[in-house]
Amino acid sequence: MKFALFTESFVPNIDGTAITVYNHAKFLRKKGNEVVVVCPWHKRGNTGIEYMDGIKVIRLFSSPIIGYRSYRISVPSIKAMSIAKKEKPDFVHSYNPYVTGVIGKYVSNRLGVPILGSHHVLPQNITASISKLSKFLNKVIGPLSWRGIIKYYNHCDLVTSPSNYGKRILEEKGIKKPVEVLSNGINLKEFKKVNVKKIREKLNIPDNEKVILHTGRLAGERKVDMIVKAAPKILSKEDATFLIVGDGRERKNLEKLCEKLGVSKNFIFTGFLERKDFVKVFQVADLFVHPSDSELQGIVTLEAMANNLPLVVNNEGASSELIIEGKNGFIFKNDNERDLAEKVIRVLNSDTKKMGRVSREIVMQHSLDNCYKKLWEIYLKTIELHNQK
């Protein structure tokens, strides 16, 4: 079969959607299928074609996204639709309801082939990019966005979401098509034992200090400022280093907030790390904190669990689904830095290694092999539903 995957984010981007689409494409190729990915050009330039691991990648003419300098979105055009249609796929998998998603739907309609829609982005992930207006945009544009999202997915044969939280939101917003939960999955084999002492020395972390880790894009909707605001209370009880791995438009604001609260010496901002270095930092930590309330799953949370780390996460969003309270971590109340601090202190005063082992046990069900098996079953179900029309 020939599969066409339509996405607004693909490698070299390192967000959850980009990684998931790339994993799915490699899985399909491994099964002997022909795969073409249609996505925006990740740098300036016209539409072009490249090949990665036997995967044909069609890069469409693109434009920068306001607030995200490193991200670009496809520019709609008749040419883009024509190029995609000429691929003549047997199956369309759309990972968003935006420009490439609309092109995917067009191809599906014109060729009469099945289409699977995957829901990976919440409206606030986009509106928050204009930080000063984000509250207004979420109130006004949010409902309009949801209307368009639901309308789009109701034209697919079947829909997936990476979590029960995401599925519930779609159902509450009025989705009529069947929704299957399909985890983004994680490559458990990627994380191997490393020399923790060497990494601590490289990062100048004292041997006696506990390490509180957060990884990911530093954007407003990620609420990393909650960690900074909770730091004074945590540091009044614990000797700790806060390791913030990642980069983004909020980094300078976070560093200024650290200075204002007098905790700068306890924070390390590493910036962006190459993948070979990124996979090692988890093993330096004693605890992983994920304060975002706008996650449909969060691959970084799965990565922390794969590295035997206990968690403290927001009660809003999908990350709380991964917590068995008191067993592998705790859930704090949204926008409550005092509760966040108390939960961090509770974990640090618990048996973190025992809690980490529970995290590892839970994350096993999200292995790529398990997710690929379910993905293929979903593809077959999508074909079946399409043929019943």
Check your understanding: Relative to the longest principal Cα axis of the chain, at what angle does helix 251-261 sit, 0 to 90 degrees, rounded to 10?
Key -> 20 degrees
Check your understanding: So, in Å, what gap is there between the alpha-carbon centers of region 211-255 and region 18-66?
Key -> 33 Å
Exercise for review: Using only alpha carbon pairs under 8 Å that are at least six residues apart, calculate the relative contact order of region 188-366 and give it in whole percent.
Suggested key: 24 percent
Revision key, fill the gap. Quick note, region 188-366: a/c under 1.5 would make it rounded; otherwise a/b > b/c is prolate and the rest oblate (a ≥ b ≥ c, C-alpha gyration tensor); here it is rounded
Point to revise | Point-charge dipole on Cβ atoms (K/R +1, D/E -1) for region 188-366, about Cα centre, debye to 20 | key: 560 debye
**Study point:** Dipole in debye (nearest 20) - region 214-296, about Cα centre, beta carbon charges: Lys, Arg +1; Asp, Glu -1
**Key:** 180 debye
**Study point:** Amide H contacts of residue 180 (H built 1.01 Å from N, under 5 Å, at least 5 apart or other chain)
**Key:** 159, 160, 161
Review point. What residues have an amide H closer than 5 Å to that of residue 91, excluding those fewer than 5 places away on the same chain, when H is modeled at 1.01 Å from N in the peptide plane?
Key: 2, 4
Revision key, fill the gap. Interchain or sequence-distant (5+) residues whose placed amide H lies within less than 5 Å of the amide H of residue 241 are 210, 211, 212
Exercise for review: Kindly express, to the nearest 10 degrees and within the range 0 to 90, the angle between helix 16-30's C-alpha long axis and the longest C-alpha principal axis of the chain.
Suggested key: 50 degrees
Review point. Angle, helix 352-363 long axis vs. longest principal axis of the chain, Cα atoms, 0 to 90°, nearest 10?
Key: 10 degrees
Study note, to complete from the structure: Projecting the Cα atoms of 257, 188, 323 onto the charge dipole of region 188-366, where Lys and Arg contribute +1 and Asp and Glu -1 at Cβ, the residue farthest towards the positive end is 188
Check your understanding: Hey, which lysines would be in cross-link range of residue 86, C-alpha to C-alpha under 27 Å, not counting anything within fewer than 8 residues on its own chain?
Key -> 2, 26, 30, 31, 43, 56, 105, 151, 381, 389
Exercise for review: Mind checking the full-extension length gain between residue 361 and residue 273? Use 0.36 nm per residue of separation minus the Cα-Cα distance, one decimal, nm.
Suggested key: 29.0 nm
Study note, to complete from the structure: Proxy exposure order for 118, 77 (fewest C-beta within 10 Å first) is 77, 118
Check your understanding: Going by a ≥ b ≥ c, the root eigenvalues of the Cα gyration tensor, does region 212-292 fall in the rounded group (a/c under 1.5), the prolate group (a/b larger than b/c) or the oblate group?
Key -> oblate
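All of the numbers you see were taken from the coordinates with simple rules; none came from a lab. All values reported here derive from a predicted model rather than from experimental measurement. Cβ atoms come from the backbone with ideal geometry, glycine included; neighbour counts cover every protein chain shown.
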